[in-house]
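The values are calculated or read from the model by the stated rules, or taken from the named source; none is laboratory data. From a predicted model like this one, the values you see are computed outputs, not experimental measurements. Backbone-built Cβ (ideal geometry, glycine too); neighbour counts: all protein chains shown. Areas reflect the complete protein model, heavy atoms only, side chains present, ligands, DNA and RNA absent. Shrake-Rupley method; radii C 1.70, N 1.55, O 1.52, S 1.80 Å.
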Amino acid sequence: MNSELVQIDLSPRRPVKKPEWLKAKAPMGETFHNLKKMARELNLHTVCESAQCPNIGECWNQKSATFMMLGNLCTRRCGFCAVPKGKPEPIDFDEPRRVAYAVAQLGLAHAVITSVNRDDDNVGAARAFVSVIEEIRAQAPGCRVEVLTPDFQGNEEALRMVVAAAPEILNHNIETVPRLYRVAKSGGRYERSLGFLEKAKAIAEELFGKTIVTKTGIIVGMGEEMHELLAVFRDLADRKVDILTIGQYLRPSRDHLPMARYYTPEEFAFLKHEALGMGFKHVESGPLVRSSYHAQEQAESTGLA
């Protein structure tokens with residue numbers, strides 16, 4: 001990994017007006033409020049709320065939500081992420097059942113399940129992912145399952161458990177370029193994340209004699225260069241990653257990494273064009289794109305899952 005010193009300019013900046021293409025509709029509507037009420041009653045968290053996703057109104061009104069398991073406190077302190085950090089509570093192994101119940105009540109055709117990092121118990125975290133896959137299959141037969149997992153600190157037993165549960169899509173986000181990992185993805189390792197995505201396919205081949213659909217996401221605007229992004233895309237394509245999402249970094253608060261710049265819609269179109277040329281089956285690229293944005297359409301458009 002590049003050990004070059006990373007310098008982040010923390011000096012006060014004059015606020016830059018948000019471009020028109022980054023304005024999302026305010027969340028409202030009966031479906032939005034019903035989903036919020038259900039999550040509260042079942043004591044569930046959604047990454048839509050915890051990560052301050054700009055698409056929450058659009059997605060929730062389409063009955064599309066990404067449930068976040070293993071509590072609402074992350075053991076890592078990534079510089080870009082709005083999810084609260086701290087010492088988590090013990091893992092709640094009844095949570096997968098409640099998530100599956102919510103998925104069934106919403107009548108979802110495609111469920112996306114993620115979690116905070118649980119570096120305190122990687123195997124326990126994997127067990128919870130296995131349980132939620134099994135519970136969704138039992139309570140909502142026919143629903144496609146996509147899991148967006150942490151790297152489990154490279155613990156192969158944990159990864160093997162999740163792959164063995166055969167989710168339709170295994171997602172793990174690369175997030176940024178190697179040079180920015182130290183300041184942006186605390187506790188993460190670029191090579192470890194690449195290895196995670198590559199190893200998942202190898203384990204699936206070993207267990208089932210066929211591959212598993214893998215997916216990853218990256219956010220732009222934290223100070224990376226275009227050539228660095230394209231190098232990451234090549235690394236991912238070399239590992240046969242199927243689906244790539246590319247979205248704009250939006251600084252959650254003054255305590256998070258400063259945003260270097262806004263990418264234009266034309267630049268997002270360029271990145272999509274380049275990535276598709278490298279062999280990805282599907283690329284979702286745009287200012288408001290997040291990992292699970294249009295996840296059902298992504299899966300269906302590839303014909304993979």
Legend entry - Residue within the range 142-157 that is assigned to a strand (DSSP E or B), of a type in the set (Lys, Arg) and open to solvent by 10 Å² or more (accessible area, probe 1.4 Å) present: yes
Legend entry - Subset of the range 199-238 (residues that are under 23 Å from Val145 (Cβ atoms), assigned to a loop (DSSP other than H, G, I, E, B) and not hydroxyl-bearing (Ser, Thr, Tyr)): Gly209, Lys210, Ile212
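Of the residues Val177, Val145, Val220, which single one is closer than 16 Å to Val112 by Cβ and within 16 Å of the chain's Cα centre (by Cα)?
Numbers: Val177 fails: closer than 16 Å to Val112 by Cβ; Val220 fails: closer than 16 Å to Val112 by Cβ.
Unique residue meeting the criteria: Val145.
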Legend entry - Matching entry among Leu257, Leu244 (being outside any helix (DSSP H, G or I), modelled with pLDDT under 95 and crowded, with 20+ Cβ neighbours inside 10 Å): Leu257
Inset, instruction - Determine which single condition Pro287 fails, assuming it passes every other condition in (1) over 20 Å from the mean Cα position of the chain (by Cα); (2) part of a loop (DSSP other than H, G, I, E, B). - result: (1)
Inset, instruction - Give the range 79-120 a look and list any residue that's of a type outside the set (S, T, N, Q), modelled with pLDDT of 85 or more and in contact with a Leu (Cβ under 9 Å, 6 or more places away or on another chain), or say none. - result: Glu89, Ile91, Asp92, Glu95, Arg98, Val99, Tyr101, Ala102, Val112, Ile113
Inset, instruction - Search the range 98-130 for residues being without any contact (Cβ under 8 Å) to a residue 40 or more places away in the chain and not β-branched (Val, Ile, Thr), and hand back the single one that is surrounded by the most Cβ atoms within 10 Å (Cβ to Cβ). - result: Ala126
Inset, instruction - Would you check if Ala299 is within 12 Å of Ile243 (Cβ to Cβ), at pLDDT below 95, open to solvent by less than 30 Å² (accessible area, probe 1.4 Å) and not in a loop (DSSP other than H, G, I, E, B)? - result: yes
